[in-house]
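Some notes on the structure that comes next.
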Amino acid sequence: MIDKNVFENKKAAYYTLGCKLNFAETSTIGRQLAEQGVRKALPGEIADICIINTCSVTELADKKCRQAIRKIGRQHPGAYVVAVGCYAQLKPEEVSRIEGVDLVLGTGQKAEIAKFLHNFAHARNDGRVFVSPVADIHTFTPSCSKGDRTRYFLKVQDGCDYYCSYCTIPFARGRSRNGPVAGLVEMAGKAGKDGGKEIVLTGVNIGDFGKSTGETFLDLLKALDRVESVERFRISSIEPNLLTDEILEFVAQSRRFAPHFHIPLQSGSDEVLKLMRRKYGTHLFASKIHKIRELLPDAFIGVDVIVGTRGETDEYFEAAKQFILSLPVSQLHVFSYSERPGTAALNIDRQVNPQTKQERSRQLLEISDQKIREFYRSQVGTRHQALFEHTKRGNKMHGFTENYIKVETDYRISWINQLIPVTLGDFNENRGVFQPHCVIANPIIKNR
C-alpha cells in the first residue's frame, strides 16, 4: 500500500531520450505518479522528482543520456533523480555513478516506479539500483501517450527475439511480448474519445505481435480499424519479413490505416545482411516495396540503413548503394554503425574507419534527398487530409497528410487537431514543407 501523503504537493519533471516507444512509456509513468498526487512541473519550476527515460541504441545515445542527467541535475537542484530505460538496464552501475543519480530502475521495475519512489522523502542513498536480469522480464505494460504533439503513440508490443549481431535491444528489453488485442483496442478507443485523431502503433518489433497472446498483428489491425473514435492509425517500424502481403492488402482497403510504412533495410548487400543476422535478403525486401507501390502508389516509404558495420567492404557498400537506388522508396534514415559491448558483431573482422563511415553516410543521404524530392514531385496537385498540430511558427502552422507529407499554412486556432482537406501545391525546399494551393475552410469531423 502506497501512502499518497508521501507525494503530497510534489512536482515531477520528465525527460525522454530515444524512440517513440520510450515516449509512450514516459507518459504512462507520468500518469502513475499523477494518480499518487504528483503533478507535472511547469516550465521554469524546480521539480522535486526528475524521471529520465534513457536510450542506449548507440554509444552516442549513451553519451547524450549522461549529458542529459547532469544537465537535469543542475536545472533542478535538490531533486530526486531517477534513471530508467535501456541505458539503465544495460549499464546500471555506470548510470548509478553519474553525479546526482539517486535511483536506477531496470526494464522490469519502471512499471512500478511509484512503489520505488515511495520512500524518496526519507534518507537518500545515492545510486540505488534495482535491475532484474533480462531473462526474468515477462510482463507487458501497455501505454498510450500524447506528449506535446497532436498524435498519440500506442505501445502494442515490447522486446525482441531476433538478436541481430549489432543490436543490444533484446538485452535491454527482453523477449517479445504483447498485450491482448481487446485491451489495446479499449486503450485506443479511450484515446480517441479524449480527442486523439491519430494513433501511431509502437513497439520494438511490432510485426512479431502475438507471441504472448496467441493472436497476430493482422488481428490487431482489423480490430483497430473498427474503432470509431479514431480517425487514423499509423504503423511504426516493421520488419520486412513480418510485413506480409495480407497486411499490405488489408491496409490498402482499410478505413483508418495510413499509407505510410517505415521498414528497416539496414543494408542493401546480401552478404552484409547475413553478417547482421537479418532474417531476409534483398529479393524479399524489394518484393515488399514493389507490392506497396502496386497497392498504394502514393504511400510514403521510409527505410532505415546502417553504414560502416564490421565486414562492410567497399564492394558490399557499392552493391548496397545500387540496390537502394533501384528501390521506389521515399526517404532513407541513415545511421553509422556503433560498437555495442556484448554483441556478436564484435567477432566480425574488418572494421570500417570513421572517415569511411562518414563518406558512405554522405552518399546515402544524397540518395535520400533525391528520393524524397522525386516523391514530393509526384504528389504535387494531389488531394489529401492533413492533421494540423498546435505548433505555431510566426503566423504559420503545420500538419501531416495521411501519407506523411508535411504541409504548412496560415495559423488558424480552430484547425488544431483537425483533419483538413488540402491540395498539395508548391514545395518549399528550404523549409521542407508544402504550401497547399487550396485549403477547404471546414475541418472534417465525423459524426460520433
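Taken over region 221-251, the criterion of being part of a strand (DSSP E or B) and of a type in the set (A, V, I, L, M, F, W, C) is satisfied by F233, I235. Taking A121, is it over 25 Å from V57 (Cβ atoms), at pLDDT below 90 and either assigned to a loop (DSSP other than H, G, I, E, B) or touching a Lys or Arg at 6+ places or on another chain (Cβ under 9 Å) (or both)? Yes: the conditions hold for A121. Only one of the numbered conditions (1) modelled with pLDDT of 95 or more; (2) hydroxyl-bearing (S, T, Y); (3) under 30 Å from Q358 (Cβ atoms) is violated by S236, and that is (1). Determine whether region 30-39 contains at least one residue that is of a type outside the set (F, W, Y) and in contact with a Gly (Cβ under 8 Å, 6 or more places away or on another chain). The answer is no, given that none of the residues of region 30-39 is of a type outside the set (F, W, Y) and in contact with a Gly (Cβ under 8 Å, 6 or more places away or on another chain). The condition (being of a type in the set (S, T, Y), buried (at least 21 other Cβ atoms within 10 Å of the Cβ) and not assigned by TED's automatic domain parsing to the domain that holds A345) is satisfied by just one residue among T58, T54: T54. Selection of first residues in region 317-346 that are closer than 30 Å to D62 by Cα and of a type outside the set (S, T, Y) and of second residues that are at pLDDT below 95 and buried (at least 17 other Cβ atoms within 10 Å of the Cβ), restricted to Cβ pairs under 7 Å at least 6 apart or on distinct chains, gives the following pairs, ordered by first then second residue: Q331/I372; R340/T168; G342/T168; G342/F171. Residues considered: P259, P264, P297, P354. Of these, the only one that is under 30 Å from R232 (Cβ atoms), more than 23 Å from the chain's Cα centre (by Cα) and modelled with pLDDT of 95 or more is P297.
Examine region 165-187 for a residue that is under 29 Å from A386 (Cβ atoms) and of a type in the set (G, A, S), and state whether such a residue exists. Scanning region 165-187, I find no residue that is under 29 Å from A386 (Cβ atoms) and of a type in the set (G, A, S), so the answer is no. Restricting region 124-166 to residues that are of a type in the set (A, V, I, L, M, F, W, C) and under 30 Å from K406 (Cβ atoms) leaves a set whose member that is modelled with the lowest pLDDT is C144.
Does region 236-248 contain at least one residue that is more than 23 Å from the chain's Cα centre (by Cα) and in the same structural domain as L325 (by TED's automatic domain parsing)? Yes, region 236-248 has at least one match.
Selection within region 364-391: residues that are of a type in the set (S, T, N, Q), assigned to a helix (DSSP H, G or I) and surrounded by 15 or more Cβ atoms within 10 Å (Cβ to Cβ). The member of this set that is modelled with the highest pLDDT is S368. Within region 194-211, is even one residue surrounded by fewer than 18 Cβ atoms within 10 Å (Cβ to Cβ) and in contact (Cβ under 8 Å) with a residue 60 or more places away in the chain? Yes, region 194-211 contains at least one residue that is surrounded by fewer than 18 Cβ atoms within 10 Å (Cβ to Cβ) and in contact (Cβ under 8 Å) with a residue 60 or more places away in the chain.
Within region 234-251, no residue that is free of Cβ contacts under 8 Å to residues at least 24 places away in the same chain and over 21 Å from G196 (Cβ atoms) sits with its Cβ atom under 6 Å from a residue that is outside any helix (DSSP H, G or I) and of a type in the set (V, I, T) at 6+ positions apart or across chains.
Check whether at least one residue in region 277-284 is surrounded by 22 or more Cβ atoms within 10 Å (Cβ to Cβ) and touching a helix residue (DSSP H, G or I) at 6+ places or on another chain (Cβ under 7 Å), and report yes or no. No. Exactly one residue among G85, G78 is closer than 20 Å to A13 by Cβ and surrounded by fewer than 20 Cβ atoms within 10 Å (Cβ to Cβ), and that residue is G78. Restricting attention to region 17-47, the residues that are in contact with a Phe, Trp or Tyr (Cβ under 7 Å, 6 or more places away or on another chain), closer than 23 Å to S96 by Cα and without any contact (Cβ under 8 Å) to a residue 40 or more places away in the chain total 1.
Figure legend. Inter-residue proximity from region 269-293: first residues hydroxyl-bearing (S, T, Y), second residues part of a helix (DSSP H, G or I), beta-carbon distance below 6 Å, spacing 6+ or different chains. Indicated pairs: S269/Y316; S269/A319; S269/A320; Y280/P240; Y280/N241; T282/D270; T282/F323. Among the conditions (1) crowded, with 22+ Cβ neighbours inside 10 Å; (2) in contact (Cβ under 8 Å) with a residue 60 or more places away in the chain; (3) over 22 Å from the mean Cα position of the chain (by Cα), the only one that T107 does not satisfy is (3). Where strands (runs of 3 or more DSSP E) fall entirely within region 15-109, those with at least 3 residues that are closer than 27 Å to N205 by Cα and in contact with a strand residue (DSSP E or B) (Cβ under 8 Å, 6 or more places away or on another chain) are at 49-54, 80-85. Of all residues in region 138-163, those being over 17 Å from the mean Cα position of the chain (by Cα) and either polar (S, T, N, Q) or surrounded by 20 or more Cβ atoms within 10 Å (Cβ to Cβ) (or both) number 2. Return yes or no: is I306 modelled with pLDDT of 95 or more and out of contact with any Ser or Thr (no Cβ under 8 Å at 6 or more places or on another chain)? Taking the combined requirement at face value, the residue does not satisfy it. A residue that is at pLDDT below 95 and in the same structural domain as L332 (by TED's automatic domain parsing) cannot be found anywhere in region 226-233.
The values are calculated or read from the model by the stated rules, or taken from the named source; none is laboratory data. All of these numbers come straight from a predicted model, not from anything done at the bench. No Cβ is skipped: glycine too gets one built from the backbone with ideal geometry, and neighbour counts run over all protein chains shown.
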